[in-house]
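A short write-up of the structure that comes next.
Every number here is computed from the coordinates shown, using simple stated rules; none is lab data. As the structure is a prediction and not an experimental result, all values here were calculated from the model. Quick reminder, even Gly has a Cβ in these numbers, built from the backbone with ideal geometry, and neighbours come from all protein chains shown.
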Amino acid sequence: MLLLDILISGLVLGGMYALISMGLTLQYGVARIMNLAYGEFLVGAAFLAFWLYSTIGISPLAGLILAVPLAFLANWAIYRWLLTPLVRRAKSRGQLEVDSILATFGLLFIVQGIALVLFGGQYYSYGYLSVPVSILGTTLALNRVIAFIFAGLIGVGLYLALTRTRTGTAIRAIAVNPTAASLVAIDVRTASAFAFALGGAMVAAGGVLVSMFLTFNASMGVVFTMKALIVVIVGGVGNVLGALVVGLALGVIETGVTRLVDPGLTLAVTYALFMIVLLVRPQGLFGSAVR
Amino acid sequence: MSLARAPLIALAVLAALLLAGLPLVASGYVLALAIGMLNFTILATAWALFSGPTHYISLASAAFFGIGAYTAAMMAETVPWPLVLVAATLAGFAVALVVGLSTLRLSGVYFVIFTFGLTELIRQLVTWYEVIVAGTVGRYLFLGMPQSTIYWQLLALAVAVLVIGWLIGRSRLGLAARVIGADEVVARHSGIDTTRTKIVLFAISSAIMALAGAIMAPRWTYIDPAIAFNPMISFQVVIMALLGGAGALFGPLLGAVPLVLLFEVLQANFPNAYSILLGAVFILIVYGLPRGVIGLIEDWRPAASRSVATLPSRAPRDPNVLTISDLKKSFGGLSAVDSVSFDVRPGEIIGLVGPNGSGKTSVLNLISGALKPDAGQIFYLGRPINGANPETIARLGVARTFQLVRVLPSMSVVENVIPGFAFRARHVTGAAAHEEALALLARVGLEHRAATPASELTYIDQKRLELARALALEPKLLLLDEWLAGLNPTELEEGIALIQSLRFDGLSIIMVEHVMDAIHALCDRCVVMNAGRVIAHGTPRLALAEPEVVRAYLGEDDA
Amino acid sequence: MLRKSLSRLALAAAVSALAGPAARVTTLPNYQLWVKDVNAAGGITVGGKKLQIEVVEYDDRSNSEEAVKAIERLGTQDKVDIILPPWGTGLNLAVGPTFNRLGYPHLAVTAATDRAPEMAKRWPNSFWFLGPSKAGAVALSEVLGKLKSENKIGAKVAMISVADAFGIELATAARAAFKSAGLEIALDKTYPIGTQDMQALLKDAMASGADAVVAFSYPPDTIAITDAARVLSYNPKVYYTAVGTAFPVFKGKFGAAAEGVMGVGGWNVDSPALQAYFKRHTEVIGREPDRWASPVTYVSLQMLQQAIERVGKIDNAAIIKELQTGTFDTIMGKIKLADNIMPIVWWVGQWQNGEFVGLAPTSYEGAKAPLFPKPAWKQ
């Protein structure tokens, strides 16, 4: 019974991680941008949902309709104005990585700073749909279950889009080999911008969903970025299915460690997993390219 | 060490003495500011020791600083202070070794990701330990250490770090780091043990940061994990090193001092917008001053080259220079190299030819160590080298050039050649290396371009440079991967003549080529491959006339 | 994340602002309120003249190093007359040596540490207004012990604590105190700061069979735990979350559901002086004070003012002596410090009818009986 409880709670938590990581794997795997400011957009979206709910009374689920396109546009703009000069300047993929790490590191502080100015350092929470619901004998909060369902829908939707549409296939081609992709008339620049923006839209969706049940503050983004990065690497960079599976797995493992071992060791376990993968299969569990 | 340096050294000593006198005249606040500047100078310089040359960005400075601070907090009440400092340094060193061994074998991005979360991870681990094992969170440090004592310790450490940085810069370790930062593949093929170099440098850098943390700890009286591990520090250190310029020894200092003052001003006047302004300054630096202030200065002054120490070694005798037997390598389902066998005798030039995709470059990669064979043996001078590291093989005397030319663009022509001298088995460094490098450049016809940055060379000259770098390894076996590709007729003639001259130095050569004239002109024997297998073997005239070879190149109908 | 507030006053004064969550609730508003009250009354009387308070503030950004630097600056650069310290135990300890060296009186209010008496001896210029934190566990064990002796609750207590100094100190003290009160700790778990999912811990508490749930928590966890308990419909007879329960935001978030929740803090709701203070704070600052350290902060400042006025000039040594030995008229009554430590610290309070009344130490004037059992959560 305890194990079932852990599994279900863990999957629900994992759904959150999966959603967030899928966006990052698009940004890093396709656009080749290591976006350290990633988690800040999650927090930003959470604040937006909070503001919409507490001042105007729009439910977060409806708020998704506003937040997601907004995030898409914002990230497109960031790629276009902030990151394209770096892409042009970079003489190699390695250099682009370094430059994008540094630039997004700076961006992290700017976005966090704006959130601090607007909302201060304190914690916010606005429990929405914080009602208990029982699944297979496990009591869960309804909002978490909804977040999980949405994460699943978005994830599956993304997966289908990437595998069944032309644009999706183009994006996957770039993730494997941008030079070859451009040789078959794929506009790598635009597709990269699109992938980056799409990744940003996904993390914003994640932010709106988790704001329903998390207590968040302006400084929380970093932990999410950290975990997303690890999930992306362990899953295989650019591999959406990998991010999904590993994200879910991470949720279950973390919940298991919290209940069975010690809540203080969750990040340590995440890192241990990371280290094992680095030692045994650095391209990731589902990755194929040997870098 | 030249006479011109003497006044600079005297100036530096004078500055150090003056700085040492500061606590006697300055107010508490000025001293506090000075402590901040020294602390960040130390951290930023230590950061740049590793991340500067190698371009592996560490975002974990706060983790090591915190380790030092917390170690001091745990031990200071019971252990004499000098021992506390030693313990803190060792703790930083040890953790860095663990991190390095896990991540530095792989490309830079894994390292960055790992360090991004490292501060948080260590904070959680320390907290867990304190709660579960020690039963207390937060340590009290009542050493009553006045600011001046802390200041003097930091001053001493700052001087030490600058000296260490200077020594490393002049050493083989520093050269290895710079080459790794320029092109890691070239580094490995020049005999550099890249993993070990990175780990050692990272450990030294982190140990220094830990020591700084330990020295600073008594200032805060009460240290708990949240206080010791402050992620903002990682950010501030990077921004300072980048502003001043991570590529030069005094760069971080130039960045640290003004930024500490700027932060103080921002703190006092715009505390609300502090984070935003920091981020904006950082981005400005990344975009506007990618090489920092030092980069601006360096644009007016060319850099000098440097090198270091030496030691001899031997190699055994064997009739063949190279013997390959039954070599196999597959990628997924594709068999790139399928039971390839041939040998190379001393002084021979072997041509390795075949249509595109026949596995020629893979064979070279297997010999040079860039790939590990799935099966088969490679004997070089009687020694098995299959599965060995590229750097080991390079040091044994196997040198190569690359299909897509790899020179180190930011370094000058002569600097590009030095690594071959510095890291081969019988290494030579310093002025001797410089001399020999110039001689080698003359050999390939580049002596007049010795000081030119490699990025400015023409295509053929870049190829000559690569050849010179390969020759610097004093190889017995030279692997040329389509070295003559893309040359116009005149250049081709010169190239062929150059290779011809090499054989008279006792070198054996395997050349992968498509230029049939060159094959006929140079090669004693020819190995023809198709779809991973050897289909013909013999003198160029005979081998290339074989029906199967013609079929392979031209297709069935034209056979 | 958490910011401190730091102040220096009089003739030229400084307060650090832009606090993080807790400083904004407790320290900063009360510093501001006091300055307003004093200046509105004409100022502090120093040697016959009334002097207005001028404020200079620095933000320490919750950073020990910044706090130390700021105090140095205030003392040696800006050379102010009064320095008011930052928020938080860690920061007050960090600036302790500097205050001591510079000779200013150090009114450490928002600092709860078991080593307070030791600090007071080491730095005779320092005054500790929340005293040792183990008193918190003792007071709670008083309340629980009484309920047990009345056979209202069983002997089992489920205890969870945040893995930080305050949480650990309280938990350590509670183990001993509960045992003396005849209580058995059926669940004893710690969780790291920032834990979001409290359901797991609460499920363990439910399974332990305890009538009383005690969480030595910080404001964000206090809210998260309470939220989770509500979702799980977990209604123990006694429910206690430590820090943050007494904050206005707790009542704001949970409304009627806060009824019966116990926490750290409390006050004598019958006292007219405190009622007046409450009203003034709400009017001037725009929100209610917290029911724990807010009034205490105000008290410390009242004491300082009276000490200065009695001495007649800004002579720190004399002011410190007066604070050590004198008796002062404050909103919490007549206060005389015992070895530099505040004698009245409310450690257990409870929301009853929309107000957070003080329960323990039960010997204090105004201590009420607990509302028992805690009513079921209103959704």
Quiz item: Can you list, bin by bin at 5 Å, the percent of alpha carbon pairs in chain A, starting at 0?
Solution: 1, 6, 12, 17, 19, 17, 13, 8, 4, 2, 0, 0
Quiz item: Anyone know which of C:Glu118, C:Glu288, C:Glu169 comes out most mobile in the 10 Å Cα GNM of chain C?
Solution: C:Glu118
Quiz item: Once amide H atoms are placed 1.01 Å from N in the peptide plane, what residues at a sequence separation of 5 or more from C:Asp60, or on another chain, have their amide H within under 5 Å of its amide H?
Solution: C:Lys4
Quiz item: If you take the charge dipole of the protein assembly as shown about its Cα centre, with +1 on Lys and Arg Cβ and -1 on Asp and Glu Cβ, which of C:Ala173, C:Asn30, A:Val232 is farthest toward its positive end?
Solution: C:Ala173
Practice problem: Calculate one ³J(HN,Hα) per residue across the stretch A:159-166 by plugging θ = phi - 60° into the Karplus curve 6.51 cos²θ - 1.76 cosθ + 1.60, and present them in order as whole Hz with x for glycine and proline. | Solution: 4, 5, 4, 6, 9, 9, 10, 5
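Within 10 Å of each residue's Cβ, count the other Cβ atoms and sort C:Asp204, B:Asp326 from fewest upward.
Working: C:Asp204 16, B:Asp326 12.
Going from sparsest to densest Cβ surroundings: B:Asp326, C:Asp204.
Considering only DSSP beta bridges where both residues belong to chain C, give the percentage that are antiparallel (nearest 5).
50
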Exercise. Please identify, among C:Asn235, C:Asn340, C:Asn268, the residue showing maximal mean-square fluctuation in a Gaussian network model of chain C using a 10 angstrom Cα cutoff.
Key: C:Asn235
Quiz item: Under 11 Å from the 7 Å Cα→Cβ point of A:Ala77, by amide nitrogen: which residues of the stretch A:103-124?
Solution: none
Quiz item: Using a Förster distance of 60 Å, how high is the FRET efficiency between A:Ala62 and C:Gln77, based on the Cβ-Cβ distance and rounded to 0.05?
Solution: 0.65
Practice problem: Could you line up B:Trp47, B:Trp220 from fewest to most neighbouring Cβ atoms inside 10 Å? | Solution: B:Trp220, B:Trp47
Exercise. State the Cα centre-to-centre distance between the stretch A:140-195 and the stretch C:313-335 in whole Å.
Key: 69
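Rank-order A:52-64, A:270-282 by packing density, defined as the average count of other C-beta atoms within 10 Å over each peptide's residues, highest first.
Details: A:52-64: 15.4, A:270-282: 16.9.
Listed from highest to lowest mean packing, they are A:270-282, A:52-64.
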Self-check item: Positive-pole candidate from A:Met275, A:Asn143, A:Val176, dipole of the stretch A:2-280, charges at beta carbon
Solution: A:Val176
Quiz item: Each label point is 7 Å from the Cα along the Cα-to-Cβ direction; what then is the distance between the points at B:Arg533 and B:Val13, in nm?
Solution: 7.6
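Out of every Cα pair in chain C, what percent are spaced more than 30 Å from each other? The partial results should precede the final answer.
Numbers: 26325 of 71631 pairs.
Taking all Cα-Cα pairs of chain C, the fraction more than 30 Å apart is 37 percent.
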Quiz item: Can you give the average number of partner chain beta-carbon atoms within 10 Å of each beta-carbon in peptide A:262-274, as a whole number?
Solution: 6
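Which order do the peptides B:384-395, C:147-158, A:159-170 take when ranked by the mean count of other beta-carbon atoms within 10 Å per residue, highest first? Working shown, then result.
Working: B:384-395: 19.5, C:147-158: 17.3, A:159-170: 14.1.
Top to bottom by mean Cβ count within 10 Å: B:384-395, C:147-158, A:159-170.
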Self-check item: For B:Glu348, distant residues with modelled amide H under 5 Å away
Solution: B:Ile509
Quiz prompt | Cα centroid of the stretch A:215-291 to Cα centroid of the stretch C:194-220, whole Å | solution = 26
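Work through the residues other than A:Ala193 whose Cβ is under 14 Å from its Cβ and net out their charges, Lys, Arg +1 and Asp, Glu -1. Write out the running numbers ahead of the final one.
Numbers: positive: A:Arg32, A:Arg80, A:Arg88, A:Arg189; negative: A:Asp187.
Cβ neighbours under 14 Å give a net charge of +3.
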Quiz prompt | Whichever aspartates and glutamates have a C-alpha closer than 14 Å to that of C:Lys279, once near sequence neighbours (fewer than 8 apart) are set aside | solution = C:Asp37, C:Asp270, C:Glu288, C:Asp290, C:Glu355
Exercise. Please report, in whole Å, how far the alpha carbons of the stretch B:231-298 spread along each principal axis, starting with the longest.
Key: 36, 21, 21
Quiz prompt | Residue mean of other protein chain beta carbons inside 10 Å, B:185-196 | solution = 0
Quiz item: What does the charge add up to near C:Gly349, with Lys and Arg as +1, Asp and Glu as -1, over the other residues with Cβ less than 15 Å from its Cβ?
Solution: -3
Self-check item: Positive dipole terminus of the protein assembly as shown, leading residue within B:Leu266, A:Ile6, C:Ser233 (C-beta point charges)
Solution: C:Ser233
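With charges set only on the Cβ (+1 for Lys and Arg, -1 for Asp and Glu), what does the dipole of the stretch B:411-465 come to about its Cα centre, in debye to the nearest 20? Could you put the intermediate results ahead of the total?
Working: 6 positive and 6 negative charges, 46 e Å.
Dipole of the stretch B:411-465, to the nearest 20 debye: 220 debye.
Is there a quick way to get the dipole size of chain C? I mean about its Cα centre, with the Cβ of Lys and Arg at +1 and of Asp and Glu at -1; what is the value in debye to the nearest 20?
280
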Quiz item: Roughly what angle does helix B:194-216 make with the longest principal axis of chain B, taking Cα atoms, 0 to 90 degrees, to the nearest 10?
Solution: 0
Self-check item: Karplus-derived HN-Hα couplings along the stretch C:332-343 (A = 6.51, B = -1.76, C = 1.60, θ = phi - 60°), whole Hz, x at Gly and Pro
Solution: 9, x, 7, 10, 10, 6, 9, 6, 6, 10, 5, x
Exercise. Starting at the first residue of the stretch B:331-340, write each ³J(HN,Hα) from the Karplus equation 6.51 cos²θ - 1.76 cosθ + 1.60 with θ = phi - 60°, in whole Hz, x for Gly and Pro.
Key: 10, x, x, 8, 8, 7, 10, 10, 6, 8
Self-check item: Spatially proximal lysines relative to C:Lys49 (Cα-Cα < 25 Å; intrachain offsets below 8 disregarded)
Solution: C:Lys36, C:Lys79, C:Lys313, C:Lys321
Exercise. Run the quick spin-label model on B:Ala497 and C:Ala318: label points 7 Å from Cα toward the beta carbon, then report their separation in nm to one decimal.
Key: 10.1
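With the contact rule set at Cα under 8 Å and sequence spacing of 6 or more, what percent relative contact order holds for chain B?
16
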Quiz item: How do B:Trp128, A:Trp81, B:Trp166 line up, fewest other C-beta atoms within 10 Å first?
Solution: A:Trp81, B:Trp166, B:Trp128
Exercise. Just grab the label-to-label distance for C:Ala273 and A:Gln95, each label 7 Å out from Cα along the Cβ direction, in nm (one decimal).
Key: 7.2
Quiz item: Which residues' amide hydrogens lie under 5 Å from the amide hydrogen of A:Leu285, considering only partners 5 or more residues apart or on another chain, with H built in the peptide plane?
Solution: A:Gly235, A:Gly236
Exercise. Treating cross-link reach as a plain straight distance, find the lysines whose alpha-carbon is under 25 Å from the alpha-carbon of C:Lys148, omitting any fewer than eight places away in the same chain.
Key: C:Lys134, C:Lys156, C:Lys179, C:Lys189, C:Lys203, C:Lys237, C:Lys368, C:Lys374
Quiz item: Which whole-percent values make up P(r) of the protein assembly as shown when all C-alpha to C-alpha distances are grouped in 20 Å steps starting at zero?
Solution: 10, 35, 33, 15, 6, 1
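Under the definition of partner shielding as Cβ atoms of other protein chains within 10 Å of a residue Cβ, what is the mean value for peptide B:126-137? Could the numbers behind the result be given before it?
Details: counts 0, 7, 9, 1, 5, 12, 5, 0, 1, 3, 4, 9.
Taking the mean over all residues of the peptide, I get 5.
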Quiz item: With r defined as the distance between the Cβ atoms of B:Glu77 and C:Val284 and R0 fixed at 56 Å, what FRET efficiency is calculated, to the nearest 0.05?
Solution: 0.80
Quiz item: Applying 1/(1 + (r/R0)^6) with R0 = 30 Å to the Cβ-Cβ distance of A:Arg164 and A:Thr84, what FRET efficiency is obtained, to the nearest 0.05?
Solution: 0.55
